[in-house]
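Here is the structure we will look at, set down as structure tokens.
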Amino acid sequence: MQKTNLKEKELRANLKAVVSNPIKTTGYNDINLKQWKDYSDVRTDTLWEFPTRLKTGGHTNEYHGNYIPQIAQQLYKRYTKSHDIVLDLFLGSGTSAIEAVNMDRRCIGVELKEDMVEHVKQKFSPKQNVTDVNIICGDSTTIEAKEKVEARLDVMGAEKAQLLILHPPYDDIIKFSDKKEDLSNCATTEEFYDMFELVAKNGYDLLENGRFAALIIGDSYKNSEVQPLGFRCMERMQRLGFILKSIIVKDMQGNERAKGKTANLWRYRALAGGFSIFKHEYVMIFQKPKK
Ligand SMILES: C[S@@+](CC[C@H](N)C(=O)[O-])C[C@H]1O[C@@H](n2cnc3c(N)ncnc32)[C@H](O)[C@@H]1O
């Protein structure tokens, strides 16, 4: 009887502690679930519309093929905590790194093009380039790139990254360079998937267990047929062990460059060829299993 009373007392004390604690989080972000109604800016739906691209906070629209900073903002709020490290294996013009600094996160980025790497480094102070942002020039499909990221993680006092961002070329829609290692230069779309999977595997190994990855990608047309790049890359990530959490459709009408005469040409081609003009891309969210 006495034993039961003790157990009950202990339970009541625990319950009181839980009720009186004003903070409850998931452990992978800073959202206080006890005040969940205060986060109306965090999107939880599968349709993302951003009528205009954010051009403040160090962001410019200088790089054809960059993603809009609002995507990074949403991902960081939901899937990272302050000081966490974001790993972007296709850094491009550095959108992920700029927004990491703006939001008190850190970033390691890998990019193939030397000139772009040097350009992005200039966007940060020498101190930031050591403490907050680490940019590596390399081929993200390789073990060498993975080892370089591990070395930078070590310098930043971490074993793994807390968020992975993958924004690959959309096959050969935009040619980013003449390099053979460039995913936009693959001989076939199948080869593109294979190279993408090598990068995603590196990302998987470099990501902390239980943490999230985002794949930002659109589809393409080739030989009068839709190439579902998003879904095929999604499958490659799933087969590596990533758990699919969300398929978000993002309106890209603010991004598209086809205006005026080009838009009319595409409309004619659509009507004549029986296809539809892409107005969306995907933001797919995955989680690495906890163990
Ligand atoms: C779609 S862009 C990423 C743009 C970036 N998210 C931004 O906002 O600026 C893809 C980038 O991947 C780079 N890339 C292509 N193949 C690569 C590889 N094997 N390793 C590393 N980067 C690569 C390209 O040079 C290009 O800058």
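The values are calculated or read from the model by the stated rules, or taken from the named source; none is laboratory data. These numbers come from a predicted model, not from an experiment. Positions of Cβ are backbone-derived with ideal geometry, glycine not excepted, and every protein chain shown enters the neighbour counts. With ligands, DNA and RNA removed, areas are computed over all heavy atoms of the protein, side chains included. Shrake-Rupley method; radii C 1.70, N 1.55, O 1.52, S 1.80 Å.
Among the residues of the stretch 198-232, those that are in contact (Cβ under 8 Å) with a residue 60 or more places away in the chain and of a type in the set (A, V, I, L, M) comprise VAL199, LEU206, LEU207, ALA213, ALA214, LEU215, ILE216, ILE217. Filter the stretch 69-86 down to residues that are more than 14 Å from the ligand (Cβ to nearest atom) and of a type outside the set (Ser, Thr, Tyr) and give me whichever is surrounded by the fewest Cβ atoms within 10 Å (Cβ to Cβ). The qualifying residue surrounded by the fewest Cβ atoms within 10 Å (Cβ to Cβ) is HIS83. Can you pull out every residue in the stretch 230-255 that is at pLDDT below 80 and surrounded by 15 or more Cβ atoms within 10 Å (Cβ to Cβ)? Result: ASN255, single match. Candidates in the stretch 8-29 are the residues that are aliphatic (A, V, I, L, M) and open to solvent by 70 Å² or more (accessible area, probe 1.4 Å); of these, the one that is modelled with the highest pLDDT is ILE23. When the stretch 87-121 is limited to residues that are of a type in the set (Asp, Glu) and either part of a strand (DSSP E or B) or near the ligand (Cβ under 9 Å from one of its atoms) (or both), the one that is farthest from LYS179 (Cα to Cα) turns out to be ASP88. Taking (1) part of a helix (DSSP H, G or I); (2) hydrophobic (A, V, I, L, M, F, W, C); (3) touching a helix residue (DSSP H, G or I) at 6+ places or on another chain (Cβ under 9 Å) in turn, VAL42 satisfies each apart from (1).
Look at the stretch 33-46: where a residue is more than 17 Å from TYR79 (Cα to Cα) and a partner is surrounded by 10 or more Cβ atoms within 10 Å (Cβ to Cβ), sitting 6+ places away or on another chain with Cβ atoms under 6 Å, you get LYS34/LYS24.
In the stretch 275-291, the residues that are under 10 Å from GLY218 (Cβ atoms) form Cβ pairs under 8 Å with partners that are open to solvent by less than 20 Å² (accessible area, probe 1.4 Å) and small (Gly, Ala, Ser), at six or more places apart or across chains, as follows: PHE278/GLY218; HIS280/GLY218; GLU281/GLY218; GLU281/GLY230; TYR282/GLY218; TYR282/GLY230. Within the stretch 161-184, the set of residues being open to solvent by 40 Å² or more (accessible area, probe 1.4 Å), near the ligand (Cβ under 8 Å from one of its atoms) and among the hydrophobic types (A, V, I, L, M, F, W, C) comprises ILE174, PHE176. Residues in the stretch 49-63 that are within 16 Å of the ligand (Cβ to nearest atom) and surrounded by 11 or more Cβ atoms within 10 Å (Cβ to Cβ): PHE50, ARG53, LEU54, LYS55, GLY57, GLY58, HIS59, THR60, ASN61, TYR63.
Could you tell me whether the stretch 214-223 includes any residue that is at pLDDT 95 or above, crowded, with 16+ Cβ neighbours inside 10 Å, away from the ligand (no atom under 12 Å from the Cβ) and of a type in the set (A, V, I, L, M, F, W, C)? No, because not a single residue in the stretch 214-223 is at pLDDT 95 or above, crowded, with 16+ Cβ neighbours inside 10 Å, away from the ligand (no atom under 12 Å from the Cβ) and of a type in the set (A, V, I, L, M, F, W, C). Within the stretch 111-151, the set of residues being open to solvent by 20 Å² or more (accessible area, probe 1.4 Å), in contact (Cβ under 8 Å) with a residue 60 or more places away in the chain and of a type in the set (A, V, I, L, M) comprises just one member, LEU112. Can you go through ALA187, ALA158 and tell me which one is surrounded by fewer than 19 Cβ atoms within 10 Å (Cβ to Cβ), more than 16 Å from the ligand (Cβ to nearest atom) and part of a loop (DSSP other than H, G, I, E, B)? Every option except ALA158 fails the conditions. Going residue by residue through the stretch 140-149, is there one that turns out to be more than 25 Å from ASP45 (Cα to Cα), within 14 Å of the ligand (Cβ to nearest atom), assigned to a strand (DSSP E or B) and of a type in the set (Gly, Ala, Ser)? The answer is no, given that none of the residues of the stretch 140-149 is more than 25 Å from ASP45 (Cα to Cα), within 14 Å of the ligand (Cβ to nearest atom), assigned to a strand (DSSP E or B) and of a type in the set (Gly, Ala, Ser). Within the option set ASN66, ASN32, being away from the ligand (no atom under 13 Å from the Cβ) and open to solvent by less than 80 Å² (accessible area, probe 1.4 Å) holds for one residue only, ASN32. So which of PHE192, PHE176, PHE231, PHE196 ends up being over 27 Å from SER82 (Cβ atoms), outside any helix (DSSP H, G or I) and either among the acidic types (Asp, Glu) or out of contact with any His (no Cβ under 8 Å at 6 or more places or on another chain) (or both)? Result of the check over PHE192, PHE176, PHE231, PHE196: PHE176.
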